[in-house]
Structure formats: structure tokens, C-alpha cells
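Here's the structure we're looking at; comments come further down.
The values are calculated or read from the model by the stated rules, or taken from the named source; none is laboratory data. These numbers come from a predicted model, not from an experiment. Ideal geometry is used to build each Cβ from the backbone, glycine not excepted, and the neighbour counts take in all protein chains shown. SASA here: full protein model, heavy atoms, side chains in, ligands and nucleic acids out. Shrake-Rupley method; radii C 1.70, N 1.55, O 1.52, S 1.80 Å.
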Amino acid sequence: MQEKKLHLKNIIKRFGGRKVVDVKDLTLGTHGIEGLIGPNGAGKTTLINLITHKLKMDTGQVFYYPNGKETDISKKSFDEIARLGMVRTNQIIQDFQSLTIRDSLLLSLAIPKYERFYSIFSEKKLRKAAQQEIEKYLDYFHFENPDGHALSAGEKKLLDVVRCLLLKPKFLLMDEPTTGLPQDQTDLVITLMRKKTVEEGMSILIVEHDLDLIWGVSENVYFMAEGEILIQGPPDEVRKNKTVVKKYMGESDA
Ligand SMILES: Nc1ncnc2c1ncn2[C@@H]1O[C@H](COP(=O)(O)OP(=O)(O)O)[C@@H](O)[C@H]1O
Ligand SMILES: [Mg+2]
């Protein structure tokens, strides 16, 4: 059990008057890898958007503990939050259009919003270190043609994961990172997640519909439905929980 990394208080988000997120008191990041599950439309993506301030919450507060020190990030921008080490992958991947795989990764380190973060790269040595790291990931995920464009949805998903890891997050929020990936690539992502949590103390919150993956990889699982976190606990308990079985497992097994 690690110290808590994130604390959410009284978070409410409405769309057109309809409440889609209502989280009263939730502590995240007390385990290396935590899973967030729930039916389609439960509010999982919206919750991640609220935590990282891609979306503005109606009410509520988010406290982040990057080095054990409490930081209120409720009003900080997406970029400021990223600079504090909290980074997210995307359920829907934006297109990198004309860029090659390698260039898009280089660019992800150079874009202005991370400028301060990465101004150190103006130093030749560190720029080289970043390039070496990019090569390491390109190799690890067996990108066939790094000087070509990301073609498949799978490649784009992997690129998004690598882009996040290059930012060296302390807390990584992953929204369906392996959905649509073949098994061998899914395994590579999972192995890397485990390594990052064990060796670097990274906290990861992963949203996935593949429940076998969730039960296998998570040390702690949150079940969300209709905007609320209804159940939380170790995977073996959550998977047997009557509410989870009734509201979710029947549907996702179908
Ligand atoms: N930008 C938006 N405008 C209006 N409704 C939205 C918007 N984004 C999400 N919703 C609605 O909020 C609910 C929660 O969506 P979402 O967070 O994407 O769920 P999940 O990720 O759990 O599938 C859904 O009913 C969805 O239709
Ligand atoms: Mg979603």
C-alpha cells in the first residue's frame, strides 16, 4: 500500500442539467495499479477529464500529492497539472496527420505547453537522452516503420501511451489504452505498466472493459455507475460483489 496520491471531494459535473459525475469522497493512488470499471456512460472518461482539468467541474476539489505534499489542483490548467506529473492517455486518439511516428514523439516533447518542463532539452546531452528513450520505446513496441505514419488505430494508441511515458508522469491515467490492441501488444503495455509502478513508483489508474485484464493487473478496483463510485476494493472482492455483477458483468460478458 502506497501513500495516497489523489483525493477527490464533492465533485459534481452536469451536462445539460443531467448529473453525469457525482463523487463525494474518493482517494486514488494508494496502490501501484488501480482499475476503474463500469458500464458505458457511467462517467469514467468524464471523471478523468475533470481530474486533469480537460473539463471544468461544476463543484468540487481535487487534491494531488506528488511528493506527499498536498497540492490543490482544482483550478490548475491541464498543462500545469501535466507539469506536476499527472498525465492521461486518451480513449479517442487525435490524428497526428502528416507526422511520422518518430517525429510525432519528438514533437510531443517539444510542444510549447511542456516548454518549461523540457527546456532542459536545449542542452544537447539531454536531447540525446530523450531521443534514446524514444528509440527504446519504438523498439519495445516493435513499430515496423518509425519513419512512416501511424496507420492502424492500434499504432496510434501505442503512440499515445509512449507520448505520455516520455513525459515521465508520477500519476498516469489511462483511458482504455489497450482496447482494440492485439493480445501481444496488450501484454507489452501491461508489462510496461507493472515495471513503471514497481521500479519507478508511478501510480496508474486504468479504465478498461476487458475485465480479465482488470482483475489481473489491478491491485485495487473502483466500480462506477451512473456517475457514482459504488464499490471499491481488491479485485477478488469487487468481481464477486452483487452490485457489480448485477449492474455490469452480465452486460459486458454478453
Ligand atoms: N461533452 C458532453 N456533452 C454532453 N454529454 C456528455 C459529454 N460527454 C459525455 N457526456 C455524457 O456523460 C455520460 C458519461 O460519459 P462518459 O464519461 O464518456 O462515460 P464512460 O467513459 O464511462 O463510458 C454519458 O451519458 C455521456 O453521453
Ligand atoms: Mg469512456
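Listed by chain and number, the aspartates and glutamates placed with their C-alpha closer than 20 angstrom to that of Lys56 are Asp22, Asp25, Asp72, Asp79, Glu80, Asp175, Glu226, Glu228; residues fewer than eight positions away on the same chain are left out.
With a ≥ b ≥ c taken as the square roots of the eigenvalues of the C-alpha gyration tensor of segment 1-97, please select rounded if a/c is under 1.5 and otherwise prolate if a/b is larger than b/c or oblate if it is not? Rounded, since a/c falls under 1.5. Residues whose amide H comes within less than 5 Å of that of Leu36, counting only those at least five positions distant or on another chain, are Ile206, Val207, Glu208, Tyr222 (H built at 1.01 Å from N in the peptide plane). Beta bridges assigned by DSSP with both partners in the chain are antiparallel in approximately 55 percent of cases. When the chain is treated as a GNM with alpha-carbon contacts under 10 Å, the residue of Glu200, Glu80, Glu176 showing the greatest mean-square fluctuation is Glu200.
Tell me, what is the FRET efficiency for Asp147 and Asp187 to the nearest 0.05, using R0 = 25 angstrom and their Cβ-Cβ distance as r? The calculated FRET efficiency here is 0.45. Net charge dipole, segment 215-254: roughly 160 debye, given to the nearest 20, about the Cα centre with Cβ charges of +1 for Lys and Arg and -1 for Asp and Glu. If the elastic network links every pair of Cα atoms under 10 Å, which of Gly43, Gly32, Gly233 fluctuates the most in the Gaussian network model of the chain? Ranking Gly43, Gly32, Gly233 by mean-square fluctuation puts Gly233 first.
At a probe radius of 1.4 angstrom, the accessible area of the chain per residue rounds to 50 square angstrom. Ranking Ile190, Ile48 by solvent-accessible area of protein heavy atoms (1.4 Å probe, all protein chains present), from largest to smallest, gives Ile190, Ile48.
Other residues with beta-carbon under 12 Å from the beta-carbon of Val161 carry, at +1 per Lys or Arg and -1 per Asp or Glu, a net charge of +1. In deg cm²/dmol and to the nearest 500, what is the mean residue ellipticity at 222 nm of the chain if only DSSP H runs of at least 4 residues count, each as -39500 (n - 2.57), divided by the residue total? Mean residue ellipticity at 222 nm (helix-derived): -10500 deg cm²/dmol. The modelled label-to-label distance for the pair Leu107/Lys75, using points 7 Å beyond Cα in the direction of Cβ, is 3.5 nm. The chain gives an Rg/Rh value of 0.96, both radii derived from C-alpha positions and Rh following Kirkwood.
Placing R0 at 35 angstrom, the Cβ-Cβ distance between Asp58 and Thr30 gives a FRET efficiency of 0.85 after rounding to 0.05. Hydrophobic, long helices, defined as DSSP H runs whose alpha-carbon span along the helix axis is 18 Å or greater and whose mean Kyte-Doolittle value is at least 0.5, occur in the chain at 153-166. A straight Cα-to-Cα reach below 26 Å connects Lys246 with the lysines Lys13, Lys19, Lys24, Lys44, residues fewer than 8 places away in its own chain not being considered. Annotation: Glu226 carries an accessible surface of approximately 140 Å², with a 1.4 Å probe and no ligand, DNA or RNA atoms counted. For the chain, modelled as a GNM with alpha-carbon contacts under 10 angstrom, which of Gln61, Gln131, Gln183 fluctuates the most? The residue with the greatest mean-square fluctuation here is Gln183. The heavy atoms of Ile12 present about 40 square angstrom of accessible area, all protein chains included, probe 1.4 Å.
For the chain, the share of accessible area belonging to carbon and sulfur comes to 50 percent (1.4 Å probe, ligands and nucleic acids excluded).
Of the residues Leu173, Thr59, Ile204, the one whose Cα sits farthest toward the positive end of the charge dipole of the chain, with +1 on the Cβ of Lys and Arg and -1 on the Cβ of Asp and Glu, is Thr59. Projected over every direction and averaged, the convex hull enclosing the alpha-carbon atoms of segment 205-254 yields 3.3 nm².
Straight-line cross-link reach from Lys195 at under 18 Å between alpha-carbon atoms covers these lysines, not counting any fewer than eight positions away in the same chain: Lys136, Lys168, Lys170.
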